[in-house]
1. Just one of (1) outside any helix (DSSP H, G or I); (2) within 19 Å of F6 (Cβ to Cβ); (3) aliphatic (A, V, I, L, M) trips up I37, so point out which.
2. Of the residues that make up region 38-46, is at least one touching a Pro at 6+ places or on another chain (Cβ under 7 Å) and either surrounded by 10 or more Cβ atoms within 10 Å (Cβ to Cβ) or not β-branched (V, I, T) (or both)?
3. Would it be correct to say that L26 is aliphatic (A, V, I, L, M) and exposed (fewer than 11 other Cβ atoms within 10 Å of the Cβ)?
4. So A52 ticks every box in (1) part of a loop (DSSP other than H, G, I, E, B); (2) under 15 Å from the mean Cα position of the chain (by Cα); (3) exposed (fewer than 11 other Cβ atoms within 10 Å of the Cβ); (4) not polar (S, T, N, Q) but one. Which box is left unticked?
5. So how many residues does region 1-23 have that are surrounded by 11 or more Cβ atoms within 10 Å (Cβ to Cβ) and over 15 Å from the mean Cα position of the chain (by Cα)?
Amino acid sequence: MKNYLFPIFIATGFLLIYITSVYANLNVGIIMFMFSISPIILIWMVLKVLKADVDTPFTFEDKWYEDQ
């Protein structure tokens with residue numbers, strides 16, 4: 001697995017568990033704890049993705065909008 005994909009999977013899984021716990025009406029303390037640590041997980045994910053060593057063969061002038 002690529003190094004930058006692991007935080008994405010963890011953050012997505014955490015989000016799914018959080019949404020399920022809110023929908024299932026779990027203990028409010030657990031939901032509030034998950035809500036309070038969610039910014040930490042999100043910042044960790046963003047930093048790992050931005051620091052990932054991924055090379056692209058294109059430059060900004062060649063393909064400034066790469067959404068394909």
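Quick note: the coordinates plus some simple rules give every number you see, no bench work behind them. All values derive from a computational prediction rather than experimental measurement. No Cβ is skipped: glycine too gets one built from the backbone with ideal geometry, and neighbour counts run over all protein chains shown.
1. With (1) outside any helix (DSSP H, G or I); (2) within 19 Å of F6 (Cβ to Cβ); (3) aliphatic (A, V, I, L, M) applied to I37, the lone miss is (1).
2. Taking every residue of region 38-46 in turn, at least one turns out to be touching a Pro at 6+ places or on another chain (Cβ under 7 Å) and either surrounded by 10 or more Cβ atoms within 10 Å (Cβ to Cβ) or not β-branched (V, I, T) (or both).
3. no
4. (3)
5. 2
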